[in-house]
Structures are given as C-alpha cells and as structure tokens.
Amino acid sequence: MKIMNPPERNDPLDAWLRGRNQYVEDNGFTSRVIARLPRRRDRFWLRQILLLGATTLGSVLAVLWLPWKNLLPLDLSALLSPNSHVLLAWMLVLSVVGSLIGAFIAAVQWED
C-alpha cells in the first residue's frame, strides 16, 4: 500500500501558477469566437412547462392504469416467497412512481 504525503501548504509552484492567472493575448481570437456563438434562446419556461405537463399526464395515467386494487400487502413473507406475482405488481408501481418523481425533479431543476 502506497501512502501519499500530505500536500505542502506553501508550495512555490502552486503560488507561481496562481499568480500567473492573466489573460493570454490571442490577437482577438477569443472575442471572434464569442461573437460567432449562437445567442441563447429564452425558451427556458417552455421546457419546464412541457416537462411538468408530461409528468402531470404520466401521474394521471399512473393513477388510472396501475393495478392499485390488485396490490397485495407487502410484508416480509411476500418478499421471501418465490411467488413473483406479488413482487411484479409492486415493482411496476415503484418503477412508475420513481420515474415520475425523477421527471418532476428534472423539470424543476432544469438549467439552460
């Protein structure tokens, strides 16, 4: 096992590199590249509305179509039994609910 030395607090190379944080003259290359970049589109709200709408529609469809009445109580004996019918219904419900929660979080935290 190789043990690493702790970093030096007063590393002269690190201090030199931090002091050299200056603009490098490039004969206007950076400004030309920035000028040619496409402008940002202000459609941030449209993406959020579409994602939230799709999540809402998915939630409504999940409430209507998932087998809520056929779900057996989930207990330890059901988890340990070889009967896959109990787990299959629960896995379906959990995967749909997890996907909808993930879509909702993606819609709320979307950054452009």
Is it true that some residue in region 94-112 is assigned to a loop (DSSP other than H, G, I, E, B) and at pLDDT 70 or above?
yes
Going residue by residue through region 25-38, is there one that turns out to be closer than 30 Å to Val108 by Cβ and modelled with pLDDT of 80 or more?
yes
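The values are calculated or read from the model by the stated rules, or taken from the named source; none is laboratory data. Everything numeric here is computed off the predicted structure, so don't read it as measured data. Reconstructed Cβ throughout: ideal geometry from the backbone, glycine too, with neighbour counts over all protein chains shown.
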